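Input: a single structure, listed below in structure tokens.
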Amino acid sequence: MSTKTIRWVLAHEPLDIFLRAAEKFAQQVSLASDGELEVEILGLKEYAAKYNNGVAVSYPELVEYLNAGKLEISQMYTHCLGKYARDMRVLDLPFLFKDDDHAARVLDGRIGQNILRGLSLNEGTKNVKGMAFTYSGGFTVISANRTVDSVEDLQGLRVRVPHSPVVHTYFKELGMEPVGMELDQMPAAFEAQTIDAAEITYRRLYEAQGQDHTESILHSNHDLFLTSIILNQDFWNTLSEDLQTVVREAALLAAQSEREEAIADDVVHRAHCLDDGIVVKNMSAELEQQFRDRSVNVYAKYADYFTPGLINKIKSA
């Protein structure tokens, strides 16, 4: 019996949580396939040294490498995948999900699978198969270098956001000045004081070295910071139906386990912020309504952008 190797390349933080998810996937795959499949977990540097002649691979290039079959599996931010699958951007809409349970029903169900399937319709990702959704910290908050008690306090603040037109639109509606940047660019931006605020999660604030530049955090929980487990389609096609089931179920198990860890981790790092003297402000009903009111124009702008009926299906799931 020949053994097929699945190279899973880890590319972003929080590395420990994603590593444990990959290890859970590896254990499940090895056990359920009776050794027909094995998983090799690699960091970007390890992958470059072993499989890419020492040539460094950047995070955005992973999609290209996966599409070309140079690795079998990885994870990618959904706002990055939105470049290839338009419906992926729907997940950036503010106040789309009521809570984690609502998100799970959407992400793990038919709606989520249809969103992931959109990757195969783009030339740049036609050989990429979306497997499952993971958190990259979960619900987002807004950190700022000053106290924020109202929407008025946000006016004109330069806020770090991901490269998502939906997110940019929302923060403009809030009266802020969105500055698109990747997470690894944030430490320099905080240090240079070229941003005043950030759409972020509690843990990622520390990973971005932003805690010393943060006076308060508005616990807005306005959208989800998500990633997706993605697989090379050609490799998938070499698997028998039984092995495809093994990989599919292992990916979902790893994703669900990662999301549970991310939720627990968020609580720990929120407490860490409080211990460090950062003011964490819960949204009053009045302030939350102000935030929701400013999302109305965002939904109107993107009403015809996504597959018809998608937003309503998510809302009612």
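The values are calculated or read from the model by the stated rules, or taken from the named source; none is laboratory data. All values derive from a computational prediction rather than experimental measurement. Note that we place each Cβ from the backbone using ideal geometry, even for glycine, and neighbour counts take in every protein chain shown. Calculation scope for accessible area: heavy atoms of the full protein, side chains included, ligands and nucleic acids excluded. Shrake-Rupley method; radii C 1.70, N 1.55, O 1.52, S 1.80 Å.
List of remarks:
- Any hit, the range 231-240, residues being touching a Leu at 6+ places or on another chain (Cβ under 6 Å) and either surrounded by 18 or more Cβ atoms within 10 Å (Cβ to Cβ) or free of Cβ contacts under 8 Å to residues at least 12 places away in the same chain (or both): yes
Every residue, every condition in (1) at pLDDT 95 or above; (2) within 22 Å of residue 25 (Cβ to Cβ), yes or no:
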residue: 50; (1), (2): yes, yes
residue: 60; (1), (2): no, no
residue: 95; (1), (2): yes, no
residue: 124; (1), (2): no, no
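- Within the range 255-264, one or more residues are surrounded by fewer than 19 Cβ atoms within 10 Å (Cβ to Cβ) and free of Cβ contacts under 8 Å to residues at least 60 places away in the same chain.
- Cβ-Cβ under 7 Å pairs, at least 6 apart or on other chains, the range 133-154 side touching a residue at least 40 places away in the same chain (Cβ under 8 Å), far side open to solvent by 30 Å² or more (accessible area, probe 1.4 Å) and aliphatic (A, V, I, L, M): 138/263; 147/279
- Single residue of 74, 58, 30 found to be among the polar types (S, T, N, Q) and open to solvent by less than 10 Å² (accessible area, probe 1.4 Å): 74
- In this structure, residue 135 does not satisfy being of a type in the set (Ser, Thr, Tyr), out of contact with any Asp or Glu (no Cβ under 7 Å at 6 or more places or on another chain) and crowded, with 22+ Cβ neighbours inside 10 Å.
- Residue tally, condition in contact with a Ser or Thr (Cβ under 6 Å, 6 or more places away or on another chain) and open to solvent by 20 Å² or more (accessible area, probe 1.4 Å), over the range 61-71: 1
- Pairs meeting the criteria (first residue in the range 294-315 and more than 20 Å from residue 102 (Cβ to Cβ), second residue at pLDDT 95 or above and in a loop (DSSP other than H, G, I, E, B), beta carbons under 7 Å, at least 6 apart or on different chains) are 294/174.
- Single residue of the range 162-179 satisfying the filter (open to solvent by less than 50 Å² (accessible area, probe 1.4 Å) and not in a helix (DSSP H, G or I)) that is nearest to residue 86 (Cα to Cα): 164
- Residue ID - most open to solvent (accessible area, probe 1.4 Å), chosen from residues in the range 145-161 that are outside any loop (DSSP other than H, G, I, E, B) and farther than 23 Å from residue 96 by Cα: 152
- When 161, 151, 128, 141 are screened for being β-branched (Val, Ile, Thr), touching a helix residue (DSSP H, G or I) at 6+ places or on another chain (Cβ under 6 Å) and within 30 Å of residue 253 (Cβ to Cβ), only 128 passes.
- In the range 182-197, the residues that are closer than 16 Å to residue 142 by Cα form Cβ pairs under 7 Å with partners that are hydroxyl-bearing (Ser, Thr, Tyr), at six or more places apart or across chains, as follows: 197/143.
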